[in-house]
Amino acid sequence: MIEWWGNAIVEYYGGSEGLGGLVITAEAWLNHRGSVGKPSNAHILDEETKEELPAGEIGLIYFEPIIKMSYHNDPQKTAGIMSPQGWATLGDMGYLDADGYLYLADRRADLIITGGVNVYPREVEDRLLAHPKVVDAAVFGVPSDDWGETVHAVVQLTEPPASPAAMREELDAFCKQELSKVKCPRSYAFAERLPRQENGKLYKHVLRDAYFKTLSGS
């Protein structure tokens with residue numbers, strides 16, 4: 001977008017809960033590629049201990065709320081997003097760099113744990129999207145008796161593959177050039193188009209439902 005429109009681009013990150021509210025200019029982004037801004041009220045916490053993590057380590061992103069918020073008639077959900085320090089999270093994972101800029105890793109709900117290893121789908125999706133034949137990609141975890149979960153990818157190609165098996169092998173080899181073996185998809189599906197909102201948000205639950213429907217044979 002910056003290459004297309006120039007330095008007019010300003011990116012916003014936040015939630016309707018009143019958390020976040022970060023902006024980053026094109027100039028700042030070019031100096032901190034991938035960042036969503038420099039917050040003054042963000043903290044990265046260990047998911048289990050809720051202790052603050054040092055720069056560069058991925059954890060749950062919490063914000064010091066500007067106003068007291070709660071989910072309507074759902075005190076349990078409200079309590080679930082709060083830390084012992086009184087900070088709140090949108091459920092995103094990420095890290096702060098040494099300069100205090102925030103980077104997103106993925107949604108906590110989308111985290112894949114395979115063989116005890118954390119895999120962030122966004123990293124795998126970014127690699128797949130670098131392939132010249134890939135238009136869009138979605139990655140999520142599917143159950144495995146041996147690994148707990150394995151990495152599954154649904155891919156939209158520039159054109160239908162003449163041989164799906166050969167295309168899977170090509171994508172697998174491409175992923176392994178940059179990603180460790182455990183992060184590479186163990187299974188693939190090809191779709192004409194991925195389900196996205198008009199704003200670009202991906203409906204992964206639609207793809208998950210389709211996967212389990214196919215698995216059950218219904």
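The values are calculated or read from the model by the stated rules, or taken from the named source; none is laboratory data. Since the structure is predicted, the reported quantities are computational estimates derived from the model, not experimental observations. Methodologically, a virtual Cβ is constructed for each residue, glycine included, from the backbone with ideal geometry; neighbour enumeration extends over all protein chains shown.
Pairing residues of segment 132-146 that are closer than 12 Å to Gly115 by Cα and part of a loop (DSSP other than H, G, I, E, B) with residues that are of a type in the set (Asp, Glu) and modelled with pLDDT of 95 or more, at Cβ distances under 8 Å and at least 6 apart in sequence or on separate chains, gives no pairs at all.
Would you be able to tell me the number of residues in segment 30-47 that are under 19 Å from Asp106 (Cβ atoms) and either in contact with a Phe, Trp or Tyr (Cβ under 7 Å, 6 or more places away or on another chain) or surrounded by 16 or more Cβ atoms within 10 Å (Cβ to Cβ) (or both)? So the answer is 10. For segment 48-70, residues that are modelled with pLDDT under 95, loosely packed, with under 14 Cβ neighbours inside 10 Å and either acidic (Asp, Glu) or more than 22 Å from Ile81 (Cα to Cα) (or both) total 1.
Glu170: closer than 27 Å to Gly56 by Cα and either hydrophobic (A, V, I, L, M, F, W, C) or not in a loop (DSSP other than H, G, I, E, B) (or both), yes or no? Give the derivation first.
Values: closer than 27 Å to Gly56 by Cα: no; either hydrophobic (A, V, I, L, M, F, W, C) or not in a loop (DSSP other than H, G, I, E, B) (or both): yes.
No: the conditions fail for Glu170.
Considering each residue of segment 94-106 in turn, none proves to be part of a helix (DSSP H, G or I) and either acidic (Asp, Glu) or surrounded by 15 or more Cβ atoms within 10 Å (Cβ to Cβ) (or both).
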